[in-house]
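The values are calculated or read from the model by the stated rules, or taken from the named source; none is laboratory data. All values reported here derive from a predicted model rather than from experimental measurement. So basically every Cβ, Gly included, is an ideal-geometry build from the backbone, and we count neighbours across all protein chains shown. Each accessible area value is taken on the protein alone, full model and side chains, heavy atoms only, with ligands, DNA and RNA left out. Shrake-Rupley method; radii C 1.70, N 1.55, O 1.52, S 1.80 Å.
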Amino acid sequence: ACECPLYWKGPLFYCAGGERTGYVSVHKFVAMWRKILQTCYDDAAKFVHLLMSPGCNYLVQEDFIPFLQDVVNSHPGLSFLKEAAEFHSRYITTVIQRIFYTVNRSWSGKITCNELRKSNFLQNVALLEEEADINQLTEYFSYEHFYVIYCKFWELDTDHDLYIDRKDLARHNDHAISNRMIERIFSGAVTRGRKAQKDGKISYADFVWFLISEEDKKTPTSIEYWFRCMDLDGDGALSMYELEYFYEEQCQKLDNMAIEPLPFEDCLCQMLDLVKPQYEGKITLHDLKRCKLTNVFFDTFFNIEKYLDHEQKDQFSMLRDSEGESQEISDWEKYAAEEYDILVAEEAASDQWNDGYEAELNPTDHQKANVLKYQMERRPFFEMPSHLAGVDLDEYDYEEYFE
């Protein structure tokens with residue numbers, strides 16, 4: 001009747017007061033909808049109005065929780081989660097981070113109507129109705145993507161308090177990320193809330209941003225993420241000093257591996273040729289966003305494994321690949337699909353040794369949703385707080401860093 005996509009049902013119900021009473025009267029609903037139609041002229045404005053707190057004209061992270069809880073409760077692709085309430089808050093936290101990662105281009109922690117309009121989020125909400133397999137919605141809602149992120153975090157979070165420190169994060173991907181970069185992540189350049197500065201720990205929410213940025217360095221948000229980290233003095237440009245600061249540790253790592261490092265001057269020439277900065281002697285965010293091979297640039301300065309991978313290839317073939325890929329799947333989607341397959345295979349292999357379990361898992365015969373259900377039952381480490389208060393969203397203080 002309101003001509004809204006199906007998964008607007010939760011926000012419509014709650015906005016008309018249904019959360020308090022468990023039902024909505026026709027009178028209340030019509031009054032609420034009339035008010036929205038008088039002030040909101042497109043879907044973005046309507047959606048923000050339905051979710052926002054009274055007196056606001058933007059959405060913060062907590063505003064998305066009731067909407068996403070309804071998706072968890074009623075989407076057929078998540079029906080296997082009904083029995084695993086402890087997973088709800090983790091999945092919801094992940095989706096909220098992915099929404100803000102992609103939609104909140106200002107890094108303000110507040111999604112405006114304008115940001116929502118410019119994004120594809122509402123199209124994805126509409127697709128929830130048409131797509132029974134939630135894993136096909138790879139931009140925000142995929143359960144497989146959540147599962148990969150969460151497993152990666154859980155491996156690092158040895159004491160399982162849902163926070164990780166510098167040493168934990170340094171172990172990611174077999175110590176591929178440089179210590180200097182890890183220090184920058186914990187400095188507050190890209191993390192939210194005060195925990196990182198006070199206790200030297202970052203939350204699961206912060207880890208979602210880290211992992212997506214680490215595995216796909218070509219998106220606007222990931223370029224901004226790593227630029228913030230490398231811009232030591234916060235002047236909005238990367239100086240030659242800043243590049244040398246990060247490259248020094250890469251040279252030490254290469255020496256330790258008995259590989260002759262390229263002298264900094266030669267490396268710098270290569271990188272300037274790659275980026276072609278507008279102004280001599282400094283690289284701006286705008287320069288990097290124009291560059292087709294930002295992943296090569298960033299990996300050169302803080303990811304030794306990926307740097308060595310790039311060194312094996314010539315730049316022309318990488319450029320060709322990157323141009324061809326723009327039509328296909330993103331680096332993040334590729335990574336998530338590969339890692340998910342590895343997790344499923346490991347699960348199957350380990351359970352070959354457990355009496356009575358072999359027959360229960362056969363990914364070729366069952367949908368992936370059943371595999372996920374099986375994994376949840378079998379993985380002993382998935383014991384988490386079940387209530388929604390467990391969604392750790394921190395207090396967000398942002399600097400307006402980017403125009």
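In table form, for the structure just shown:
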| quantity | calculated |
| --- | --- |
| Complete set of residues in segment 99-112 that are assigned to a helix (DSSP H, G or I), closer than 12 Å to PHE64 by Cα and touching a residue at least 40 places away in the same chain (Cβ under 8 Å) | ILE99 |
| Residues of segment 39-83 classified as assigned to a helix (DSSP H, G or I) and farther than 23 Å from LEU127 by Cα, total | 2 |
| Filtered residues of segment 39-51 (kept if in contact with a helix residue (DSSP H, G or I) (Cβ under 6 Å, 6 or more places away or on another chain) and either without any contact (Cβ under 8 Å) to a residue 12 or more places away in the chain or open to solvent by 50 Å² or more (accessible area, probe 1.4 Å) (or both)) | CYS40, ASP43 |
| The lone exception for GLU115 - which of (1) more than 18 Å from SER222 (Cβ to Cβ); (2) in a helix (DSSP H, G or I) it fails | (1) |
| Segment 15-38: number of residues that are in a loop (DSSP other than H, G, I, E, B) and open to solvent by 100 Å² or more (accessible area, probe 1.4 Å) | 1 |
| Some residue of segment 120-140 being closer than 19 Å to ASP206 by Cα, open to solvent by less than 10 Å² (accessible area, probe 1.4 Å) and in contact (Cβ under 8 Å) with a residue 24 or more places away in the chain | yes |
| Positions within segment 85-101 being open to solvent by less than 10 Å² (accessible area, probe 1.4 Å) and touching an Asp or Glu at 6+ places or on another chain (Cβ under 9 Å), in sequence order | SER89, THR93, ILE96, GLN97 |
| Count - residues of segment 271-299 that are open to solvent by 70 Å² or more (accessible area, probe 1.4 Å) and under 24 Å from ASP235 (Cβ atoms) | 9 |
| Residue selected from segment 252-308 under the condition of a type in the set (Val, Ile, Thr), over 18 Å from ARG184 (Cβ atoms) and assigned to a helix (DSSP H, G or I), by the criterion nearest to the chain's Cα centre (by Cα) | VAL296 |
| Filter result for ASP174 (in the same structural domain as ARG290 (by the TED database), modelled with pLDDT of 95 or more and not small (Gly, Ala, Ser)) | no |
| Helices (runs of 4 or more DSSP H) lying entirely in segment 165-251 (those with 3 or more residues that are closer than 26 Å to ALA337 by Cβ and open to solvent by less than 10 Å² (accessible area, probe 1.4 Å)) | 204-215, 220-230 |
